[in-house]
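A quick write-up on the structure given underneath.
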Amino acid sequence: MNLKNVCAATLSFALLGSASAATCDMEIEGNDAMQFNKSSIEVPQSCKQFTVKLKHAGKLPKAAMGHNWVLTTAADMQAVATDGIAAGLDKNYIKAGDTRVIAHTPVVGGGESTSVTFDTNKLKADQSYAFFCSFPGHSALMKGTVKLTK
Ligand code: CO
């Protein structure tokens, strides 16, 4: 094998390596119009942990247009959102000790960012999951699907 072939082999191996490596984080934005910029999130099974970065791209304060990112099963979403209303902003609109919540960020206001990292072994491949904002009323629009992928 000459030097040129070695280089070509190394290069193609590096390209294949980066193509198959899973991305274990993602960014999602909320805005002042009560919207997320994504409606579905895929979590690669090969990631041990997955990080969701939430950016509030708007200008309104969190008391008026706060956003968080909450992960539950699709079946639990509505009840978790309803129970979160009573918890209030100080508790990020999450009921204390709510074991249905798989992961959540704090509530942020315009211009702020936050993130949450969770273990992917909390998700099952055959289960439907949802993400949403638990600020009162927001989950009607601010929601989407989460799926564990191979
Ligand atoms: Co919100």
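The values are calculated or read from the model by the stated rules, or taken from the named source; none is laboratory data. None of the values given here were measured: they were computed from a predicted structure. With ideal geometry, Cβ positions are generated from the backbone for all residues, glycine too; neighbour counts draw on all protein chains shown. Please note that ligands, DNA and RNA were not included when accessible areas were found on the heavy atoms of the full protein model with its side chains. Shrake-Rupley method; radii C 1.70, N 1.55, O 1.52, S 1.80 Å.
Here are the numbers:
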quantity	calculated
Phi-based couplings in Hz for segment 119-127 (Karplus 6.51, -1.76, 1.60; Gly and Pro marked x)	6, 6, 6, 7, 9, 10, 5, 9, 10
Chain lengthening between THR82 and LYS147 when straightened (0.36 nm per residue, less Cα-Cα)	21.1 nm
J(HN,Hα) series, segment 48-54, from Karplus relation 6.51 cos²θ - 1.76 cosθ + 1.60, nearest Hz, glycine and proline x	6, 10, 10, 10, 10, 9, 10
For ALA125, net neighbour charge (Lys/Arg +1, Asp/Glu -1) across residues whose Cβ lies under 9 Å away	+2
Nonlocal amide H pairs with PHE131, under 5 Å, H built at 1.01 Å	GLY144, THR145, VAL146
Those aspartates and glutamates that a straight Cα-Cα span of less than 18 Å connects to LYS53, excepting residues fewer than 8 apart in one chain	ASP25, GLU27, GLU29, ASP32, GLU42, GLU112, ASP119
Interchain or long-range residues, amide H under 5 Å from GLY30's placed H	LYS55, HIS56, ALA57
Three-way shape label, segment 96-149, alpha-carbon gyration tensor, a/c 1.5	prolate
Cα convex hull of the chain - mean projected area over all directions, nm²	10.8
Pairs beyond 20 Å (Cα-Cα), from LYS59/LYS95; LYS124/LYS147; LYS55/LYS122; LYS91/LYS122; LYS122/LYS150	LYS59/LYS95; LYS55/LYS122; LYS91/LYS122
Probe 1.4 Å, protein heavy atoms only - accessible area per residue of the chain in square angstrom	56
Approximate spin-label separation ALA74-CYS24, in nm, with each point projected 7 Å along Cα-to-Cβ	2.7
Virtual spin-label span in nm between ASP90 and ASN121, 7 Å along Cα→Cβ	3.7
